[in-house]
Amino acid sequence: MKLFGIKFNKQAFVRWKIYVDRARMYIGYLNFAMIAFVFLNSINDSSIRDLLDENKFVSYPIMLLLFFTFSLILGRLDTKFGLRREEMRNASTENPVLMEILKTVQEIKDKQK
């Protein structure tokens, strides 16, 4: 089926879904930055608030840099402990295409023996 010259089928739907999921990831980065600014603006302690207001051009970038550094450390720990690998392994067992490939590879190995 076509609408405005764009094909609508299963493959096109999956492709657009992947695009939206990737865009959602980048929007999450922006969302994180906005949450960091809201957090900094919500500090009510007068001494900290005065320090932040007097040094906005220094304190805000430092806080953002600390946040990204902390995020990178968390991502590295995630990789080091193998959480992502295990997550992908579990997700792949739910993927029928990968299971079919695995079955085919196993059959080829059995035939070779």
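The values are calculated or read from the model by the stated rules, or taken from the named source; none is laboratory data. Since we're looking at a predicted model, the values are computed, not measured. Cβ placement follows ideal geometry from the backbone for every residue including glycine, while neighbour counts extend to all protein chains displayed.
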Looking at the range 80-96 only, could you name the residues that are of a type outside the set (Val, Ile, Thr) and over 19 Å from the mean Cα position of the chain (by Cα)?
Glu94, Asn95, Pro96
For Phe70, indicate whether it is of a type outside the set (Asp, Glu), closer than 19 Å to Tyr26 by Cα, assigned by TED's automatic domain parsing to the domain that holds Gly28 and assigned to a helix (DSSP H, G or I).
yes
Which numbered condition in (1) at pLDDT 85 or above; (2) surrounded by fewer than 11 Cβ atoms within 10 Å (Cβ to Cβ) is the only one that Asn31 fails?
(2)
Condition first: touching a residue at least 24 places away in the same chain (Cβ under 8 Å), part of a helix (DSSP H, G or I), surrounded by 10 or more Cβ atoms within 10 Å (Cβ to Cβ) and out of contact with any His (no Cβ under 9 Å at 6 or more places or on another chain). Can you find one or more residues in the range 34-54 that meet it?
yes
Residue under evaluation Ile18, criteria (1) more than 26 Å from the chain's Cα centre (by Cα); (2) more than 19 Å from Phe67 (Cβ to Cβ); (3) among the aliphatic types (A, V, I, L, M), criterion not met
(1)
Kindly list, by first and then second residue, each pair from a residue in the range 74-97 that is of a type in the set (Asp, Glu) to a residue that is surrounded by 10 or more Cβ atoms within 10 Å (Cβ to Cβ), limited to pairs with Cβ atoms under 9 Å and residues at least 6 apart or on different chains.
Asp78/Arg84
When the range 50-79 is checked residue by residue, the ones that are polar (S, T, N, Q) and more than 21 Å from the chain's Cα centre (by Cα) are Asn55, Ser59
